[in-house]
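A.B. asks: Let me give you the structure first, and then I'll get to my questions.
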Amino acid sequence: MKLLICGATGRTGMELIKQSLERGHQPMAFVRSPEKLNLQDEDLTVIKGDVRDPVQLAQAASGAAAVVSALGTSGLLPTTLLADFAGAICRAMKKTGTRRLIVISAALLFPGGGLPADIARYVFRYGLADMRRMEEKLARSNLDWTIVRPPRLTNLEMTPYRVFEGEFACAAISISRKTLAAFMLDVLERGEYIRKAIGVSG
């Protein structure tokens, strides 16, 4: 299927592109700086654009079966990137008729986890606030969204993943980007967790 991938030049975005190609999909990488995407394939389309621009997103998403976002922030400074993206992609997908959307958020938005999680929530409070606003905008839309909330991301090899819902899992301390990308594509292909926020760890 044709997939519009936002945040494609990041490390998780690159994994989404590589693994979607391996699975026989046709990814369309929506990127601000195409020169940063060091990957070429006959089934890969690279589209230059701004994730805050609903017109550009609508043009890119036309004909796509789904939109998958690997957008993220450092979380250490005030930002509106993810909330702005959520508003723009909702408008774009309404225009194109594309309904399936999968985005990355953070496991720290689940309650629980004790003192270590509370400290992390304070350190990353700006990024988490932006993610929360993104999630709220998606929840108000009529899209078939799935919000994936991983813990700390690593560059390790792929491992089996564990899904959790409702509360931060203390054992869920990390997940590799390769595993996260595989989980997101599994969720897409299986049609799982529609209009749910789901946690996943390695």
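A.B. asks: Does Arg91 fit the bill of being of a type in the set (Lys, Arg) and in contact with a strand residue (DSSP E or B) (Cβ under 6 Å, 6 or more places away or on another chain)?
C.D. replies: no
A.B. asks: For segment 119-166, what are the residues that are open to solvent by 50 Å² or more (accessible area, probe 1.4 Å), over 26 Å from Arg195 (Cβ atoms) and either assigned to a helix (DSSP H, G or I) or touching a Pro at 6+ places or on another chain (Cβ under 7 Å) (or both)?
C.D. replies: Those that are open to solvent by 50 Å² or more (accessible area, probe 1.4 Å), over 26 Å from Arg195 (Cβ atoms) and either assigned to a helix (DSSP H, G or I) or touching a Pro at 6+ places or on another chain (Cβ under 7 Å) (or both): Ile119, Tyr122, Val123, Arg125, Tyr126.
A.B. asks: Can you tell me how many residues in segment 167-190 are under 13 Å from Val68 (Cα atoms) and either open to solvent by less than 30 Å² (accessible area, probe 1.4 Å) or assigned to a loop (DSSP other than H, G, I, E, B) (or both)?
C.D. replies: 9
A.B. asks: May I ask you to verify whether Ser69 is under 18 Å from Arg132 (Cβ atoms) and within 18 Å of the chain's Cα centre (by Cα)?
C.D. replies: yes
A.B. asks: Could I ask something else about it? How many residues does segment 159-199 hold that are closer than 18 Å to Leu108 by Cβ and in contact (Cβ under 8 Å) with a residue 60 or more places away in the chain?
C.D. replies: Qualifying residue count, segment 159-199: 7.
A.B. asks: A further question follows. Looking at Tyr161, Tyr122, which one is over 24 Å from Leu16 (Cα atoms) and more than 15 Å from the chain's Cα centre (by Cα)?
C.D. replies: Residue meeting the stated conditions: Tyr122.
A.B. asks: Across segment 108-150, which residue is nearest to Gly13 (Cα to Cα) among those that are of a type in the set (Gly, Ala, Ser) and modelled with pLDDT of 95 or more?
C.D. replies: It comes out as Gly127.
The values are calculated or read from the model by the stated rules, or taken from the named source; none is laboratory data. Nothing here was measured: the structure is a model prediction, and the numbers come from that model. Positions of Cβ are backbone-derived with ideal geometry, glycine not excepted, and every protein chain shown enters the neighbour counts. Please note that ligands, DNA and RNA were not included when accessible areas were found on the heavy atoms of the full protein model with its side chains. Shrake-Rupley method; radii C 1.70, N 1.55, O 1.52, S 1.80 Å.
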